[in-house]
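Take a look at the structure below.
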Amino acid sequence: MTSEVMVARPDLPYLPPMPTFTSRAFHKSWLAVTAVLVGSFGPVFALGTMESTSEPARWSLDLLSWPLDHAESYDFPTMRFLSALTGGFLFGWGVMIACLRAWVYDAAPEGVRRAVVVGLLAWFVLDSAGSIASGTPSNAVFNVPVLLLCVGPMWRPASP
């Protein structure tokens, strides 16, 4: 067992010490947040594959292509197909992050941190560039807080 940097709370002595934001324990906890944030978009877009359940995906695209003007449509089969692909990739990526957290992090915390951060940065650059090139720069703006939330404290290596 590795020692973690812990912070005692003298003002709340009845609470156990909490891991700091830079500890391995906190990074491992944050990977669960990242997995849920990334993976939660998957079912939303997977629902876009059927006309009867496409409203959450359509609304999400409408929001990401700000302003909310109901201009986005899931009427075309190609849109539903792309939604299926997007949903599958996002859900699978979220599950992969959860698996890295559960099965690999304890053995290689820095490798997992780097892999997840580099993957998120690759998504951010390509998704934002594609959004801007396709005339939807608002999605690139929305990508900034998503990136910051997903990476959280993992910008820096954890304390040993």
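Derivation of every value follows stated rules applied to the coordinates shown; laboratory data play no part. The shown structure was predicted, so the numbers you read here are calculated from the model rather than taken from an experiment. Cβ sites come from the backbone with ideal geometry, for glycine too, and all protein chains shown count toward neighbours.
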statement: Full extension between residue 107 and residue 29 adds, at 0.36 nm per residue less the Cα distance, a length in nm of 26.5 nm
- line: Quick shape check on the range 74-160: root eigenvalues a ≥ b ≥ c of the Cα gyration tensor, a/c under 1.5 is rounded, otherwise prolate if a/b tops b/c, else oblate, and it reads oblate
query: Helix 55-64: angle to the longest alpha-carbon principal axis of the chain, degrees 0 to 90, nearest 10?
result: 80 degrees
- prompt: Does the range 63-119 come out rounded, prolate or oblate by the C-alpha gyration tensor, with a ≥ b ≥ c the root eigenvalues, rounded set by a/c under 1.5 and, if not, prolate when a/b is larger than b/c and oblate if not?
  reply: prolate
message: Counting just the Cα atoms, what span does the range 21-151 cover along each of its three principal axes? Round to the nearest Å and put the largest first.
response: 47, 27, 19
- prompt: By how many degrees, 0 to 90 and rounded to 10, does the Cα axis of helix 137-151 deviate from the longest principal axis of the chain?
  reply: 20 degrees
message: Would the range 37-79 count as rounded, prolate or oblate if I go by the C-alpha gyration tensor, calling it rounded below 1.5 in a/c and otherwise prolate when a/b exceeds b/c, oblate otherwise?
response: oblate
- prompt: Given springs between every Cα pair under 10 Å in a Gaussian network model of the chain, which of 30, 59, 103 has the largest fluctuation?
  reply: 103
81, 91 arranged by Cβ crowding within 10 Å, fewest neighbours leading: 81, 91
task: Quick one: which residues, 5+ away or cross-chain, put their amide H under 5 Å from the amide H of residue 159? H built at 1.01 Å from N.
output: 23, 24
field: Proxy reagent accessibility, fewest Cβ within 10 Å first, across 132, 97
entry: 132, 97
query: If one takes the longest principal axis of the Cα atoms in the chain, at what angle in degrees, from 0 to 90 and to the nearest 10, does the Cα axis of helix 24-46 lie?
result: 10 degrees
